[in-house]
Amino acid sequence: MSEHISNAMKNWVSNVIVKYNFCPFARKEVEQNAIHYCISEAMSHDDAVMDMLEQCFELNQNQDRETTLLVFSNGFSDFNAFLDLVDLANAMLCAQGFEGTYQIANFHPDYVFADSDEDDPANYTNRAPYPTLHLIREDSMAEALEMYDDPESIPDNNIRLARRKGEAFWQQLLASCIHHK
């Protein structure tokens, strides 16, 4: 089961994030095999945060690992419960001294931006096959942003692309990531 989830997430990174350039920095990490996919069976916020902290310590120990996608295979299907997890994870990141070292991006199958309609295609810029905490090295992100001409334009470009393609396109693409062999 975890191999299926890992493959779905790899498909999503390649076929959505890289292919549609939602993150202009992801291609290099995919090509260098520097993304670690960790499948967590945590169902509680406490267990999920402990898994997240463990992955931070592993990033400290593995400098060739650029980033980690902590994917929840069973827990946090409810988006609001997931947002509570994101808040707790960010608080624990600070409490454990990782603030300034790592930051968390988050993705969810039912992601909805604040002040957005549920069916706005722009939500697909943060929709993934499974609830996911993405641990990012802040130093690497700062370096990548310095090399990018107009980093402030990235979210707006993603939203425009998502809306141009439409909700049905993204729904089908996300489903294909899960069912792709």
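The values are calculated or read from the model by the stated rules, or taken from the named source; none is laboratory data. Since the model is a prediction, treat every value here as computed from it, not as a measurement. Note that we place each Cβ from the backbone using ideal geometry, even for glycine, and neighbour counts take in every protein chain shown. Side chains included, ligands, DNA and RNA excluded: accessible areas come from the protein's heavy atoms. Shrake-Rupley method; radii C 1.70, N 1.55, O 1.52, S 1.80 Å.
Applying a threshold of 7 Å to beta carbon distances and a minimum spacing of six or more residues, or different chains, the list of pairs starting in the stretch 76-88 at a residue that is closer than 12 Å to Tyr111 by Cα and basic (Lys, Arg) and ending at one that is loosely packed, with under 13 Cβ neighbours inside 10 Å and at pLDDT 95 or above is empty.
Tell me, yes or no, whether the stretch 11-26 has at least one residue that is assigned to a helix (DSSP H, G or I) and of a type in the set (D, E, K, R). It would help to see each step written out before you state the result.
Looking only at the stretch 11-26, we keep the residues that are assigned to a helix (DSSP H, G or I), and these are 11-18, 26.
Remaining after also requiring of a type in the set (D, E, K, R): none.
No; the residues of the stretch 11-26 include none that is assigned to a helix (DSSP H, G or I) and of a type in the set (D, E, K, R).
Can you name the residue in the stretch 127-148 that is within 9 Å of the chain's Cα centre (by Cα) and part of a loop (DSSP other than H, G, I, E, B) and, of all such residues, is nearest to Glu41 (Cα to Cα)?
Initially, the stretch 127-148 is screened for residues within 9 Å of the chain's Cα centre (by Cα), giving 127-128, 131-135.
Still in the list and also part of a loop (DSSP other than H, G, I, E, B): 127-128, 131.
On the way: Arg127: 20, Ala128: 17, Pro131: 11 Å.
By that ranking, first place goes to Pro131.
Exactly one residue among Asp115, Asp110, Asp119 is over 23 Å from Asn11 (Cβ atoms), open to solvent by 40 Å² or more (accessible area, probe 1.4 Å), in contact with a helix residue (DSSP H, G or I) (Cβ under 8 Å, 6 or more places away or on another chain) and in a loop (DSSP other than H, G, I, E, B), and that residue is Asp119. Checking every residue in the stretch 135-155 against the condition of being closer than 28 Å to Asn74 by Cα and open to solvent by 30 Å² or more (accessible area, probe 1.4 Å) gives zero matches.
Pick out the one residue from Ala48, Ala81 that is among the hydrophobic types (A, V, I, L, M, F, W, C), within 30 Å of Phe169 (Cα to Cα), modelled with pLDDT of 95 or more and part of a helix (DSSP H, G or I).
Working: Ala48 fails: within 30 Å of Phe169 (Cα to Cα).
Going through Ala48, Ala81 in turn, the sole match is Ala81.
In the stretch 16-36, which residue that is touching a strand residue (DSSP E or B) at 6+ places or on another chain (Cβ under 6 Å) and within 30 Å of Arg164 (Cα to Cα) is surrounded by the most Cβ atoms within 10 Å (Cβ to Cβ)? Among residues in the stretch 16-36 that are touching a strand residue (DSSP E or B) at 6+ places or on another chain (Cβ under 6 Å) and within 30 Å of Arg164 (Cα to Cα), the one surrounded by the most Cβ atoms within 10 Å (Cβ to Cβ) is Glu29. With respect to Phe72, determine if the residue is of a type in the set (Phe, Trp, Tyr), at pLDDT 95 or above and on the phi > 0 side of the Ramachandran plot. Criteria not met by Phe72. Under the condition of being under 16 Å from Phe113 (Cα atoms) and open to solvent by 60 Å² or more (accessible area, probe 1.4 Å), the residues counted in the stretch 158-181 number 2.
What number of residues within the stretch 20-53 satisfy the criterion of being in contact with an Asp or Glu (Cβ under 8 Å, 6 or more places away or on another chain) and aromatic (Phe, Trp, Tyr)? Walk me through how you get there before you give the answer.
Within the stretch 20-53, the subset in contact with an Asp or Glu (Cβ under 8 Å, 6 or more places away or on another chain) is 29, 32, 34-36, 38, 40, 42, 45.
Pick out the ones that are also aromatic (Phe, Trp, Tyr) and you get none.
Going through the stretch 20-53 one residue at a time, the tally reaches 0.
Can you tell me which residues in the stretch 54-77 are in a helix (DSSP H, G or I) and either within 19 Å of Ser2 (Cα to Cα) or open to solvent by 10 Å² or more (accessible area, probe 1.4 Å) (or both)? Answer for the stretch 54-77, where residues must be in a helix (DSSP H, G or I) and either within 19 Å of Ser2 (Cα to Cα) or open to solvent by 10 Å² or more (accessible area, probe 1.4 Å) (or both): Glu54, Gln55, Phe57, Glu58, Asn60, Gln61.
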